[in-house]
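The structure appears right after this line, and notes come after that.
The values are calculated or read from the model by the stated rules, or taken from the named source; none is laboratory data. What you see is a predicted model, and the numbers here were worked out from it, not measured in a lab. So basically every Cβ, Gly included, is an ideal-geometry build from the backbone, and we count neighbours across all protein chains shown. Accessible surface areas use protein heavy atoms only, side chains included; no ligands, DNA or RNA. Shrake-Rupley method; radii C 1.70, N 1.55, O 1.52, S 1.80 Å.
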Amino acid sequence: MRRHRIACLAFDGMAPFELATVAEVFAVSRPELDVDWWYRFELCAETPGPHRVVGGFDIVVHHGLDRLRYADTVIVPGVADVRRDVSPAVLAALRDAHARGARLVSICSGAFALAAAGLLDGKEATTHWRHARLLQERHPEVVVNAAVLYVDHGSIVTAAGTAAGIDACLHLVRTDHGADVAARVARRMVMAAHREGGQAQFAEHPVGRAPSDDPVGHAVRYALDNLHRRLTVDELAGVAHLSVRQFERRFVEAAGLPPGRWITQRRVRAGAALLESADLPVETVAARVGLTVAGFRHHFRATTGVSPSAYRRQYRR
């Protein structure tokens, strides 16, 4: 049986949660899935041996950077210090892996390593929101988006902090094996397969967690209940009992993007869920999420990078 090699980088001072996330998804044997192939997980470091991690305990790494030469996917679950330069040896190994076609994935501050290697130049990428501004300042050639959980460019995937690593890892399983296998892995982990209803390549932070008396929260819930209708910013501002200017400012603070763009992405996300779960014509899906067919096709491709029909084939095969 062919094995997909996963090489995960370890280092002194790393957070064990991100490492555990990667190991839980890719290192656990899952014969119950009955798939043609699964993953072979290897932990490696620039210097093999014991490495002290957050919490005051050590992990022992048996492999060096040579494992990146054979990996199908290389995962960087963080860097030791976002304000320090990444080791030249690590950067060279990442560039070499990418050049020969390996898929590179960063979680949280791991994006700083990919950016320092020049692999994110001209690309949209994400990291933990606390580090987003610094990443943009240190690497202005990267388009940093702090309002998403992960960004997938196919050969390069960047994920935001901590739990977003789970979303990204499950997304990789979904890409490799389909939605059903990813859902079964998620169930075994006792979590939802997707924190957002749809399965687009760009997953936003959930926004509907505002307190019940928060005016933006009221508008968010109203919008989610009425995605099939034409919604305007004026209408949502009225629901929130705010002026349009106040509403737009507070919405951006809460969601990380303007209300009009957020509504469009929510429509796409709802449409993606319908494409997965039902054999509805695209025309029907578009109508149910409040878009014209042409508008749905345009926004769906702009958000996910694929057409609705291609998305359906990919996630329902």
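Odds and ends about this structure:
- Whichever residue in segment 240-256 is under 27 Å from Thr292 (Cβ atoms) and free of Cβ contacts under 8 Å to residues at least 24 places away in the same chain and, among such residues, is nearest to the chain's Cα centre (by Cα): Val252
- Residues of segment 52-68 that are over 24 Å from Arg133 (Cβ atoms) and either of a type in the set (Ser, Thr, Tyr) or out of contact with any strand residue (DSSP E or B) (no Cβ under 9 Å at 6 or more places or on another chain) (or both): Gly55, Gly56, Phe57.
- Taken together, the criteria place Ala115 among residues that are at pLDDT 95 or above, over 28 Å from Arg188 (Cβ atoms), small (Gly, Ala, Ser) and assigned to a helix (DSSP H, G or I).
- Selection count where residues are touching a residue at least 24 places away in the same chain (Cβ under 8 Å), more than 22 Å from Ala146 (Cα to Cα), open to solvent by 10 Å² or more (accessible area, probe 1.4 Å) and not aromatic (Phe, Trp, Tyr), scope segment 64-91: 8
- Some residue of segment 18-38 being open to solvent by 10 Å² or more (accessible area, probe 1.4 Å), within 12 Å of Pro77 (Cβ to Cβ), free of Cβ contacts under 8 Å to residues at least 12 places away in the same chain and of a type outside the set (Lys, Arg): yes
Residue-wise test of (1) crowded, with 16+ Cβ neighbours inside 10 Å; (2) in contact with a His (Cβ under 7 Å, 6 or more places away or on another chain); (3) in a loop (DSSP other than H, G, I, E, B); (4) in contact (Cβ under 8 Å) with a residue 40 or more places away in the chain.
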{"site": "Asp96", "(1), (2), (3), (4)": "no, no, no, no"}
{"site": "Ala111", "(1), (2), (3), (4)": "yes, no, no, yes"}
{"site": "His128", "(1), (2), (3), (4)": "yes, no, yes, no"}
{"site": "Tyr150", "(1), (2), (3), (4)": "yes, yes, no, yes"}
{"site": "Val157", "(1), (2), (3), (4)": "yes, no, no, yes"}
{"site": "Gly161", "(1), (2), (3), (4)": "yes, yes, yes, yes"}
{"site": "Leu172", "(1), (2), (3), (4)": "yes, no, no, yes"}
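- Residues of segment 130-148 that are more than 16 Å from His171 (Cβ to Cβ) and outside any loop (DSSP other than H, G, I, E, B): Ala132, Arg133, Leu134, Leu135, Gln136, Glu137, Arg138, Val143, Val144.
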